[in-house]
């Protein structure tokens, strides 16, 4: 596609439920990043894929969070047993190569609210 | 943990005012410093990619400078307009990390 697409744009879920957030990067971009932005803070790194594999998942806060990119394009961020503290804007970004020194192209984010 | 700090946290100016904000970052293993502009309900938009010490970049009324030796970058907006209202994020990319570390942003509000 022309840009990075994230769905849904908004998600409200009850505490304890499972959610999936989807990111469709720019076609041909091999690197894909997930960040989380909480109110009043900057984007916080979660995980980075190079192709199909997670090159760095050091930012995932705990084992309730998991992400996949099975075919090297679309990625899904999965959150189990959601907690109110998971409420945030989840941003996806892609870059042409694994060298993000050239900057990211971001999607418009998924706003997750856990009630 | 890499520390990227932005100041001020928020700024309110009148239309026509010029303004500037600061991003400070670690000076070791520097590769690039990025500035993004993020309007509510939209995607963060890349403004500048800065890689060389002494870099100055300009895009219309917005410009940025870079000092990698002392670890800071300034973003300037000349003659602010209401449409400049947004959060301005800086992100530091170093040679070891493989991903960018963001500051908390400066939220600019320009009143007509």
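Selection within region B:99-112: residues that are assigned to a loop (DSSP other than H, G, I, E, B) and either more than 13 Å from the chain's Cα centre (by Cα) or surrounded by fewer than 17 Cβ atoms within 10 Å (Cβ to Cβ) (or both). The member of this set that is farthest from the other protein chains (Cβ to nearest Cβ) is B:112.
In summary, strands (runs of 3 or more DSSP E) completely within chain A and bearing 3 or more residues that are more than 18 Å from residue B:46 (Cα to Cα) and away from every other protein chain (no Cβ under 13 Å) occur at A:10-13, A:19-24, A:65-68, A:75-79, A:110-114. Does residue B:41 qualify as being more than 13 Å from residue B:93 (Cα to Cα) and either surrounded by 20 or more Cβ atoms within 10 Å (Cβ to Cβ) or free of Cβ contacts under 8 Å to residues at least 24 places away in the same chain (or both)? Yes; evaluated as a whole, the condition is true for this residue. Scanning region B:23-50 for residues that are under 19 Å from residue B:69 (Cβ atoms) and out of contact with any strand residue (DSSP E or B) (no Cβ under 8 Å at 6 or more places or on another chain) gives a single hit, B:27.
The single residue among B:20, B:53, B:96 that is over 19 Å from residue A:106 (Cα atoms), in contact (Cβ under 8 Å) with a residue 60 or more places away in the chain and either in contact with a strand residue (DSSP E or B) (Cβ under 7 Å, 6 or more places away or on another chain) or assigned to a loop (DSSP other than H, G, I, E, B) (or both) turns out to be B:96.
Is it the case that residue B:51 is more than 21 Å from residue A:35 (Cβ to Cβ), at the interface with chain A (Cβ under 9 Å from one of its Cβ atoms) and at pLDDT below 95?
Values: more than 21 Å from residue A:35 (Cβ to Cβ): yes; at the interface with chain A (Cβ under 9 Å from one of its Cβ atoms): yes; at pLDDT below 95: yes.
In short, yes.
Scanning region A:69-114 for residues being under 12 Å from residue A:24 (Cα atoms) and either touching a helix residue (DSSP H, G or I) at 6+ places or on another chain (Cβ under 6 Å) or free of Cβ contacts under 8 Å to residues at least 40 places away in the same chain (or both) gives a total of 2.
Between B:41, B:91, which is within 13 Å of chain A (Cβ to nearest Cβ), within 30 Å of residue A:57 (Cβ to Cβ) and not in a strand (DSSP E or B)? That would be B:41, the only listed residue that is within 13 Å of chain A (Cβ to nearest Cβ), within 30 Å of residue A:57 (Cβ to Cβ) and not in a strand (DSSP E or B).
The values are calculated or read from the model by the stated rules, or taken from the named source; none is laboratory data. Since this is a predicted model, take the numbers as computed values, not measurements. All Cβ positions, even for glycine, are placed from backbone atoms using ideal geometry, and neighbour counts span all protein chains on display.
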